[in-house]
Structures are given as structure tokens and as C-alpha cells.
Amino acid sequence: MLARALRKPVPDTEPAGASMPEPAAGPKRCGFVAIVGKPNVGKSTLLNALVGQKISITSRKAQTTRHRITGVRTVGATQFVFVDTPGFQTRHGNALNRSLNKAVLGAVSDVDVIVFVVEAGHFNLADAKVLALLPAGIPVILVANKLDMVHRRGELAPWLRSMQERHPFAEYVPMSAKNAKDIQRFYAIVEKYLPEQDWMYDPDELTDRSERFMAAEMVREKLFRLTGDELPYTSTVVIDRFEEEGKLRRIAATIVVERESHKGMVIGEKGEKLKRIGTEARQELEKLWDGKVFLELWVKVRSGWADDEARVRSFGYE
Ligand SMILES: Nc1nc2c(ncn2[C@@H]2O[C@H](COP(=O)(O)OP(=O)(O)OP(=O)(O)O)[C@@H](O)[C@H]2O)c(=O)[nH]1
Ligand SMILES: [Mg+2]
């Protein structure tokens, strides 16, 4: 089911990049831009900045994104359809990770250009494994992200040269996804790889994901951000009820954890943690939809779900 269009970016909430000047209109262009890379390099942060609204959740922990997420941005005559993907998993081969990798491979097979994200100055085996997967014949733009974290800028030039030997990238772009100017420049870099053709989406549309999906994701982001390290990887969120009454949305969701002890971590002392997860998720959703949200959260134990193919599918993973 296609979602109703989400709100357009508005000036007071827009992240970096949303206020770029519109270039002179040429022929209409539209195309798909896949964003790939190992976990935690900043793919979703980049997508959100490019789209101008937070539609893909982010955190400082790896394995935040679990689905392919499409974000649309129309700038002048060009419509960019960005596709965020899960960080490619090279370690555990459980059902969840197999599903995540399938999402990555599915996303890159049929796009006009691939944005391969690494951390500036770093390239290891996990990066190499992602690079090796990319199909031949599609141009690949190298984004050396988190440039703000590189303190010895002089070392970057030789590193970029070494990257030339790894792959004939179409472009080399050292940048920071959190820098508005870098985001502005990035549209022009990507634009030339998109074909001249009609737009596929209404320019007001931000994503093809449903509001139910966005609700589950925002709860999962708060779970990631507000709980300890081990918990997020073995938890998921299911929407039990989603009702709209005018501008109000009533949502009931269940956080599914693997162990009884995890349940306690999510709920916290006197329910404090669960309350905070709910409040922060609700605030994000109200900002996204520009309307009031009632959010009710439950916690349930289902052991072994991430190892169980059928259950992984039943929780919405392909
Ligand atoms: N300093 C700095 N941090 C960044 C930048 N881009 C992203 N980050 C941070 O890097 C962390 C990971 O960002 P995400 O966007 O969630 O990374 P991801 O690649 O989508 O991660 P997965 O979905 O887990 O694969 C977050 O804490 C971001 O705030 C950047 O340009 N500079
Ligand atoms: Mg991500």
C-alpha cells in the first residue's frame, strides 16, 4: 500500500541542504540513486539531509536501518529518488542479516547511479566487501563522509588516490552529511547521472513508505538511542493499531524483545524508559505529520525471532 504523501520540508524543521537555490529549469530529469555502504558510515543521515526531512532513522550504533527506504527530492527540473539501504552485514549469517543483505542487493540492481559511502580516510575489509558486490555498468560515486572527523587533512589526498586504485569511481566526494553546503553541492554532482525523463513522484511526496512504517521506525530509533548496546539488534517493533481521527493519529505498538531480562531494560525503573521512548517517538511523528499523535507502547518477549525465517518475514522483513 502506498502511503499518503508526507509533509513537504518546512523552514523551521528542515535539516541541512533543504534551502538550496533552485537552479534554472532545463529538461526534466528523474532517476534512482542507491546509497550503500557498511553499517554506521552515515547513509541514512545523508538520505535525510538530501530529502530535507527525517524519514530514515539514524543512531550511533551499527545496524540501524533494516529496510530499503525511498526518499524523494525535487530540485529545479530534477527529481532525485534516493534509496537508503541497510549497512551490508558481513558477520552473522542469521535470517535477519540475510534479509538485510537481500535488501541491499535488490536496491542496487536497477538504479541510475550508486552512492558508495565510506568514512573519509578509512577503508577496510567490510567496505571492500560492499564494493565487490556492486554491479558493473552502473556509475559509482564515492562519498568520503564524516570529513569533519578528519583532523589531518593533508593525509586525505593520498588516501583518495589510493581509492582510485580500488575502483574507477565516477566521482570522488569528500564531504560531511551534516554540512549544509556539502549537501547543496551534492545535488549538482549526482544530477548529471540521471536520465532525461518525466518525474515519477508528485514533488510533494517525500517517501513511498506508509505512516504505519514510519511510526514503527521512530519507536525503533528511540529504542536504539535510549537503551544499552546489546538490546537493539534483537528487538523489533510491530504496529498493532493505527487509526486516524481528523488530524489525530492513535497508534498502539509492541516492542518485541528476545528475553525476559531485555523486557526490564526497555521498561526501566517504574516504567521510566518506556515512557521516554514513547514521548520522544511521539514528538518526532508529530513533527513529521504536523498533527497530534497518541502513542501507546507495549513490550513482549518472543525469543529467537531474528533466527527464524518465518518470524522475520512476519515482522515485515523481506
Ligand atoms: N561527525 C559526523 N558524524 C556523522 C556524519 N554523518 C553521519 N554521522 C553519524 O554517524 C552515525 C551513523 O549514522 P547513520 O546515518 O545512522 O549511519 P548508517 O550508515 O545509516 O548506519 P546503518 O543504518 O546502521 O548501516 C550517527 O551517529 C550519525 O550522527 C558526518 O558527516 N559527520
Ligand atoms: Mg542507516
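The values are calculated or read from the model by the stated rules, or taken from the named source; none is laboratory data. Just so we're clear, the structure is a prediction, and the values are computed from it rather than from any experiment. Every residue, glycine as well, gets a Cβ built from its backbone with ideal geometry; the counts of neighbours run over all protein chains shown.
Structure above, values below:
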quantity	calculated
Residue match in region 151-159 (condition: farther than 26 Å from Glu286 by Cα and either in contact with an Asp or Glu (Cβ under 9 Å, 6 or more places away or on another chain) or among the basic types (Lys, Arg) (or both))	yes
The listed residue being more than 12 Å from ligand 1 (Cβ to nearest atom), over 25 Å from Glu284 (Cβ atoms), small (Gly, Ala, Ser) and touching a residue at least 40 places away in the same chain (Cβ under 8 Å), out of Gly71, Gly106, Gly93	Gly106
Selection within region 240-262 - surrounded by 18 or more Cβ atoms within 10 Å (Cβ to Cβ) and free of Cβ contacts under 8 Å to residues at least 40 places away in the same chain	His262
Positions within region 40-52 being surrounded by fewer than 23 Cβ atoms within 10 Å (Cβ to Cβ) and more than 24 Å from Ala126 (Cβ to Cβ), in sequence order	none
Tally of residues being modelled with pLDDT of 85 or more and closer than 23 Å to Thr207 by Cα across region 280-318	16
Qualifying residue in region 202-220 (condition: farther than 30 Å from Phe32 by Cα and either surrounded by fewer than 20 Cβ atoms within 10 Å (Cβ to Cβ) or at pLDDT below 95 (or both))	no
Subset of region 46-104 (residues that are more than 13 Å from ligand 2 (Cβ to nearest atom) and among the hydroxyl-bearing types (Ser, Thr, Tyr))	Thr70, Thr74, Thr78, Thr90, Ser99
Extreme residue, farthest from Tyr193 (Cα to Cα), among residues of region 105-125 that are surrounded by 21 or more Cβ atoms within 10 Å (Cβ to Cβ) and in contact with a Pro (Cβ under 8 Å, 6 or more places away or on another chain)	Ala120
